1. Residue check, GLU9 against (1) more than 17 Å from LEU140 (Cβ to Cβ); (2) more than 16 Å from the ligand (Cβ to nearest atom); (3) surrounded by 17 or more Cβ atoms within 10 Å (Cβ to Cβ), all met but one. Which one?
2. Scan segment 26-36 residue by residue and report those that are open to solvent by less than 20 Å² (accessible area, probe 1.4 Å) and either touching a Ser or Thr at 6+ places or on another chain (Cβ under 8 Å) or within 16 Å of the ligand (Cβ to nearest atom) (or both).
3. Is it the case, given these coordinates, that ASN120 is under 22 Å from GLU131 (Cβ atoms), open to solvent by 60 Å² or more (accessible area, probe 1.4 Å) and in the same structural domain as LEU148 (by TED's automatic domain parsing)?
4. Tell me, yes or no, whether segment 279-298 has at least one residue that is of a type in the set (Val, Ile, Thr) and within 24 Å of ALA188 (Cβ to Cβ).
5. Go through segment 60-91 and give me each residue that's surrounded by 15 or more Cβ atoms within 10 Å (Cβ to Cβ) and within 18 Å of ALA124 (Cβ to Cβ).
6. Just one of ALA191, ALA199, ALA181, ALA195 is open to solvent by 20 Å² or more (accessible area, probe 1.4 Å) and not hydroxyl-bearing (Ser, Thr, Tyr); which is it?
7. Is it the case that LEU243 is closer than 19 Å to ALA224 by Cα and buried (at least 16 other Cβ atoms within 10 Å of the Cβ)?
Amino acid sequence: MALLPWHQEPLTRLHQLREQGRLSHAWLIDGPAGAGKLAFSKEVARWLFCAAPTQQGACGRCQDCHLFEVGSHPDWLLLEPEKKLLKVDQVRELIDFAQLSNQRGSKVLVLAPAEAMNLNAANALLKILEEPPPDTLLLLVSQHSAQLLPTLRSRCQRLSLSLPEPDAALRWLREQGVKDAEKLLAHAQGAPLKALAMAEDDTLAAQDAMLAQLDALLANSLTAVQAAKACEKFPLQTSIEYLLSICQALLRAVQAELTPPAEFAPLWERLRQSGAAATLPLLLHAYQQQAQAAYKVAQAPNNANALLMLEALFGDWVRLRERLRRAARFL
Ligand SMILES: [Zn+2]
């Protein structure tokens, strides 16, 4: 991926520091999800390795740029969690790598996300921060930097990335050929990289299908089995994630008497017309819990049966509709 437009300014800052001989050896790259912290770290590496770097970044033509591009630059190491944790063995591996002599110039070592380190790992990393090997840049990528040991934080310079302005984000998404950029960016809470990932994995289609089935089931124009078949082709996790966000939006609407987001408004209207609105909070809450349980199963590595799980969830949704109707009869 080329340098993201909103990363230009922070990269220029690093470039200037390097020109002045003031580039620190350890950086904490923090910022919200979707700001592209890891992508930025890779750009920093590419720029540092490049034989002809400018403040616009790496040249993209030299041998170092090429080696990095194809993933075989010998001075690059990225540590990512194994089973959600960065363990002390991994950090030791990083330290060993840091002690080797550099193959081509400078080394770049990245930990992402740094808050995945357990205490032993963090303590091991402190050593290398206290005695940094020459020509080595260490980048700690973090979304929750407050969770890092204060001693780690204090030994790093901080560089905070933020999300781009909506206009810039939309322009960039359209340049990537994303249709529905506006809608996707809203779904991704303004994070363009997340919006791009959603576009790439059919998220919108999955969400539209989910919403349409829930509405048709309330209208009683479809069976749970038919609804499940319509959604089966999409990633199960994506579908249930969306179902959970629907539940949450509806619950918030019913509890705080707010209007739900526009995309849920038709479903919300139909739900309220389905029966006794007073019973809605309880029923929605119970449904949300069923969906949460299903989500856990969908996340487990042993492939869940998507069709059966969707059938069960849509069946529960039909029962919610029936309970609403029955409750209305007693009022
Ligand atoms: Zn280059």
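1. It fails just one condition, (3).
2. LEU28, ILE29, ASP30, GLY31, ALA35
3. On the way: under 22 Å from GLU131 (Cβ atoms): yes; open to solvent by 60 Å² or more (accessible area, probe 1.4 Å): yes; in the same structural domain as LEU148 (by TED's automatic domain parsing): yes.
Judged against the criteria, ASN120 is a match.
4. no
5. Hits for segment 60-91 are LEU77, LEU78, LEU79, PRO81, LEU86, LYS87, VAL88, GLN90, VAL91.
6. ALA199
7. Answer is yes for this residue.
Listed here are the residues, each with its yes/no results for (1) modelled with pLDDT of 95 or more; (2) open to solvent by 90 Å² or more (accessible area, probe 1.4 Å); (3) not assigned by TED's automatic domain parsing to the domain that holds ARG104.
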| position | (1), (2), (3) |
| --- | --- |
| LYS127 | no, yes, no |
| VAL141 | yes, no, no |
| SER145 | no, no, no |
| GLN176 | no, no, yes |
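The values are calculated or read from the model by the stated rules, or taken from the named source; none is laboratory data. Please read these numbers as outputs of a predicted model, since none were measured by experiment. Note: ideal-geometry Cβ built from the backbone for every residue, glycine included; neighbour counts use all protein chains shown. Keep in mind that these areas ignore ligands, DNA and RNA; they rest on the heavy atoms of the full protein, side chains included. Shrake-Rupley method; radii C 1.70, N 1.55, O 1.52, S 1.80 Å.
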